[in-house]
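First the structure, in the form of structure tokens, and then the observations on it.
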Amino acid sequence: MANNSYIWQPKYVNRFQCDGIKCHAKCCKKWGIIIDERSLQKYQRIKNTDMQKKILSSITKQENINSHVIKLDNDGACPLICSDSLCYIQRNLGETYLSETCRIYPRKLNVMKNFHLRSLSMTCPIAAEAALFTNDGMSMQKLEHHHEMNGGWNLLSKAKAPKFPYSGDLAESIILGALSILQNDSYTREVRFILLGLFLDKADELKDESDATEQIANLALTYQSMEFKKEISSFLASFNFHVAENEVFMNSLLTILSEEKQLGDISDLLKSIDMYNSEYPLWHGLLEHIYGKALDNYWVQEFIYHAYPFYVEGSFLHNYFIYLVSYKVWEIMLYNFRKGIGDIIGHEEFIMLVNTYTSIMDHKRQFLHIIEQKAAECEAEPVKAMQMLLRLK
């Protein structure tokens, strides 16, 4: 990491510690675990023949990707996971002997010119628990570049190129400004999403100004003021949810996702879209009462994880609608699950749903690409699109 660089991350990242006993080694089941050449050579040089044989016999060459991988058992589990869910390699040889895949997961690094934006994948239940269900887990902290850098972060930093063509100070002011809006609990989540869109749209206009960093930072502060809250109240009061347009848009999107095999059977999801307007008060109220803060944290986390509004090339508004439409697919899946079980969702079930949806976003190759294409339809009339996607209480 360069001498002038630093780190931004939510506090939960610093507290994370991999613990297979707590999560039952879920990241080691049914996942493709690639063994890099350097790790393979280390295993081949192990002097303890029994240990060497156990490890090497668990690795096979996969021709279609021209690489070595862990040979999963009939249940899709890594054969090197011990009965207590701890890793045989880490237990006997230490973390430095883990493959790059195992050392990196669940870390996510976005390099933004002169700073690193770090987070963890919510496919990991230990990370999800720490991020979503601790009081200050999603509070942002700034660390100097010499702060602890374990092997996983070092490996990631060597492979990453900067994501943002402008100055790091500008990227920082935009990301932190957006997060200050998303974490302002004097507004409902839906209102925060509206304000986020307005903020990013304005930031798009300002980003090429000579004093853009200062202007955007001041804009974010304005959004936190009581004066702004009074000014925006009339706009929010006139905000109407366009039910019919929402049904058409979401039906079309879910159908495309299903046809492209990014989602399975969507028949129940389509029924939930049809019921969305009438059942919203019940679905929304029960879930928000128990999981409102966790839901807030999840979507702050996803904003950081994908480095919005710099996730893909294009305007900040373009990135914003990818983020917002991703949220809407999640919301209908969450409400559909709630409808299906006919009861409140349990804590472990909620974590499982977060793991599942995050896995879809991260590992279904076309999922966010399809959402991006559909989200592009929203950019011509952004306020109208917000009224199609967001229902205020």
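For the stretch 104-257, the fraction of C-alpha pairs more than 29 angstrom apart is 35%.
Sorted largest first, the spans of the alpha carbon positions of the stretch 317-393 along the three principal axes are 40, 34, 15 Å. Taking 0.36 nm per residue of separation and subtracting the current Cα-Cα distance, fully stretching the chain between residue 268 and residue 144 would add 39.8 nm. On a 0 to 90° scale, report how tilted helix 316-341 is relative to the longest principal axis of the chain, with both axes built from alpha carbons and the result rounded to the nearest 10. Long axis of 316-341 versus the principal axis of the chain: about 80 degrees. Note on residue 66 and residue 96: the extension gain reaches 8.4 nm, defined as 0.36 nm multiplied by sequence separation minus the Cα-Cα distance. Taking label points 7 Å from Cα along the Cα-to-Cβ direction, residue 356 and residue 286 give a separation of 1.6 nm. If you take the Cα centroid of the stretch 285-329 and the Cα centroid of the stretch 219-271, the two points sit 11 Å apart. The heavy atoms of residue 192 present about 20 square angstrom of accessible area, all protein chains included, probe 1.4 Å.
For residue 211 and residue 312 in one chain, what is 0.36 nm times their gap in residues minus the Cα-Cα distance, to one decimal in nm?
So the extension gain works out to 33.9 nm.
Within straight-line reach of residue 261, meaning a Cα separation under 17 Å, sit the following aspartates and glutamates at least 8 residues removed in sequence or on another chain: 362, 372. Computed with a 1.4 Å probe over protein heavy atoms only, the accessible area of residue 81 comes to about 40 Å².
For a Förster distance of 45 Å, can you work out the FRET efficiency between the beta-carbons of residue 347 and residue 236, rounded to the nearest 0.05? Result of the calculation: an efficiency of 0.85.
Pairs 42/142; 47/71; 113/364; 108/293: which exceed 32 Å Cα-Cα?
Flagged as over cut-off: 42/142.
For an R0 of 45 angstrom, estimate the FRET efficiency from the Cβ-Cβ distance between residue 184 and residue 248 and round to the nearest 0.05. So the FRET efficiency works out to roughly 0.90.
Only alpha carbons enter this Debye calculation for the chain, each as an equal point scatterer, and the log10 of I(q)/I(0) it gives at q = 0.10, 0.12 Å⁻¹ is -0.72, -1.02. For the stretch 240-393, pairs of C-alpha atoms spaced more than 18 angstrom apart make up 58 percent of the total.
Computed over the Cα atoms of the stretch 194-234, the ratio of the radius of gyration to the Kirkwood radius (Rg/Rh) comes to 1.00.
The values are calculated or read from the model by the stated rules, or taken from the named source; none is laboratory data. Please read these numbers as outputs of a predicted model, since none were measured by experiment. Cβ: placed from backbone, ideal geometry, glycine included. Neighbour counts: every protein chain shown. Just the protein is used for accessible areas: all its heavy atoms, side chains included, with ligands, DNA and RNA removed. Shrake-Rupley method; radii C 1.70, N 1.55, O 1.52, S 1.80 Å.
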